[in-house]
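Peer 1: What follows is a structure written as structure tokens; I'll ask about it next.
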Amino acid sequence: MIRAVVTGLGIYVPERILSNQDLERMMDTNDEWIVSRTGIRERRLAHENEATSDMAVEASQAALKDAGVKAEEIDFIVVATNTPDTVFPSTAARLQARISDTPIPGVDVQAGCTGWIYGISMASAMIQAGQYRRVLVVASDKLSSITDYEDRSTAVLFGDGAGAIVLEASATSPYGILSTYLNADGRGADLLALPAGGSRWPASKDTVESRLHFLKMSGNDVFRFAVKAMPDAVEEGLKRAGLTVQDMDMLVPHQANQRIIDAAMRQFGLSEDKVVKNIERYGNTSVASIPLALDEVRQDGRLKAGSVLVLAAFGAGLTWGSTVIRWGDEV
Ligand code: UT7
């Protein structure tokens, strides 16, 4: 059986730091509220002239280098993003032109913060079907471009960043993607949305004046959804891989709120060392939060060849899903 193996991982975060103290000077909020309600202390913000594709280029080049693969050897590009450079063409097309001299097909996937998991699932299926051998799966979001810094209920949450992996086909590797699970319930579509700028509500003087080009979120409703979606994603992903919670070496959850991660930890009786958390330093970076967390545990040596990882996310849509990976890059 052909399986998709992660042969390279790369990330990028902008240099500029926005701390809770900076936010205190900008709006009616305070460090104590932000830390106790979310776990966030600081986040990274891209520069004004730095777009989603610029961050995607950095993360992609790092992943390609890590895999020892040239961009020209990539067969397909998937970019998970909610903040494309432009509504069209795709950020995948812009990324391709920046990293490769030869054409490569590619597509954007838009599935809220679950986008990267959707992208991995699609890439893995393409590889298993024999359609492509090497796929670059990128996550890049510049949420600061759609965050309303006059709305304290959302402004404190989000940051910018990018991550990427190279997935390669192998018929013999003991490592790779063991399962994927995707789900979505559009009844919750308006609970987290960017109202204007699409075909429903095209950009106009009114939409700009009403601040409808910034994301709107019903925080409490999304929170209630998340504490159910996260455990479902973990359980279903493991079930599809023929594994149980006892087999899981590490949970790499979407970093949206420390309290949501802690609730999942308690539900599964997981110890601190089995759950990756870095929300403190990056806030919620949407699609990029899982690759950023993954890179961190690889850097600090916690990620070992053979480790069973569960990557689990939820987000706008509402969407949720997971992928179970046996870590290792041998193909
Ligand atoms: O990846 C995308 C998915 N998104 C999420 O996962 C977000 C899920 N939701 C959450 O994480 C939480 O709902 C929030 C962190 C967004 C909010 O936390 P909460 O505990 O649900 O707070 P709340 O919205 O119920 O607000 C409580 C109070 C309110 O004041 P009153 O009405 O009780 O007087 C808010 O006005 O906190 C106030 N408040 C703030 N105070 C200081 C809201 N934002 C702030 C703020 N600073 N930044």
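Just so you know, all these numbers are worked out from the coordinates, no wet-lab data involved. The model shown is predicted, which means the values in this text are computed figures rather than measured ones. Neighbour counts are summed over all protein chains in view; Cβ atoms, including those assigned to glycine, are modelled from backbone coordinates with ideal geometry.
Peer 1: Give me the dipole magnitude in Debye, nearest 20, for the chain about the Cα centre, with unit charges on the beta carbon: positive for Lys and Arg, negative for Asp and Glu.
Peer 2: Numbers: 33 positive and 43 negative charges, 133 e Å.
So the magnitude is around 640 debye.
Peer 1: Moving on. Scanning the chain for helices, which whole DSSP H stretches are 24 Å or more long along the axis (Cα) and average -0.5 or more by Kyte-Doolittle? Don't skip to the answer; put the middle values down first.
Peer 2: Working: long enough: 219-240 (30 Å, -0.34).
Qualifying helices, which must be both long enough and hydrophobic enough, are 219-240.
Peer 1: Restricting to bridges with both residues inside the chain, how much of the DSSP beta-bridge set is antiparallel, in percent to the nearest 5? All intermediate terms of the calculation are to be shown ahead of the outcome.
Peer 2: Values: 39 of 55 bridges.
That works out to approximately 70 percent antiparallel.
Peer 1: What does the charge count near G317 come to, summing +1 for each Lys or Arg and -1 for each Asp or Glu among other residues with Cβ under 12 Å from its Cβ? Walk me through the intermediate numbers first.
Peer 2: Numbers: positive: R187; negative: D185, D190.
Net charge around G317: -1.
Peer 1: Over the C-alpha atoms of region 177-326, what are the Rg and the largest Cα-to-Cα span, Dmax, in Å?
Peer 2: Answer for region 177-326, Rg first and Dmax second: 17.0, 55 Å.
Peer 1: So for D300, D31, fewest C-beta neighbours within 10 Å to most, what's the order? Display every interim value, and only then the final one.
Peer 2: Details: D300 9, D31 15.
Going from least to most buried by this count: D300, D31.
Peer 1: Fewest Cβ neighbours within 10 Å first, please rank K216, K228 accordingly.
Peer 2: K228, K216
Peer 1: So, one more: Near L238, within a Cβ-to-Cβ distance under 14 Å, what is the net charge of the other residues, with Lys and Arg +1 and Asp and Glu -1? Walk me through the numbers before you get to the answer.
Peer 2: Details: positive: K239, R240, K274, R326; negative: D232, E235, E236, D247, D249.
Net local charge, L238 excluded: -1.
Peer 1: Subtracting the Cα-Cα distance from 0.36 nm times the residue separation, let me have the gained length for D190 to R211 in nm, one decimal.
Peer 2: Here the answer is 6.0 nm.
Peer 1: Test of understanding: ordering D160, D221, D85 by Cβ neighbours within 10 Å, fewest first, what list do you get?
Peer 2: D221, D85, D160
Peer 1: While we're on this one: For the chain, what does the helix formula give at 222 nm: sum of -39500 (n - 2.57) over DSSP H segments with n ≥ 4, over the residue count, nearest 500 deg cm²/dmol?
Peer 2: -10000 deg cm²/dmol
Peer 1: Using a cut-off of 11 Å between beta-carbons, work out the net charge of the residues near T285 (Lys and Arg +1, Asp and Glu -1, T285 not included).
Peer 2: For residues surrounding T285, the net value is +2.
Peer 1: Calculate I(q)/I(0) for the chain by the Debye formula, one identical point scatterer on each C-alpha and no solvent, and give its log10 at q = 0.09, 0.12 Å⁻¹ to two decimals.
Peer 2: -0.43, -0.78
Peer 1: Related question: First obtain the Kirkwood hydrodynamic radius of region 2-71 from its Cα pairs, then insert it into the Stokes-Einstein equation at 37 °C and 0.692 mPa s, and state the resulting D in µm² per second as a whole number.
Peer 2: The calculation lands on 223 µm²/s.
Peer 1: Compute the Rg/Rh shape ratio of region 3-174: radius of gyration over Kirkwood radius, all on alpha-carbon atoms.
Peer 2: Numbers: Rg = 17.6 Å, Rh = 16.9 Å.
Using Cα coordinates only, the ratio equals 1.04.
Peer 1: For region 145-250, I need the span (max minus min coordinate) of the C-alpha atoms along each principal axis, in Å, sorted largest to smallest.
Peer 2: 58, 31, 26
Peer 1: Under the 0.36 nm per residue contour assumption, what length would be gained going from the current alpha-carbon distance of E24 and H47 to full extension?
Peer 2: Working it through step by step, the gained length comes to 6.2 nm.
Peer 1: Given N residues in region 250-331, what is Rg(Cα) / (2.2 N^0.38 Å)?
Peer 2: Normalised Cα radius of gyration, region 250-331: 1.06.
Peer 1: Taking the alpha-carbon centroid of each part, what is the distance from region 202-280 to region 1-71 in angstrom?
Peer 2: What the calculation gives is 17 Å, centre to centre.
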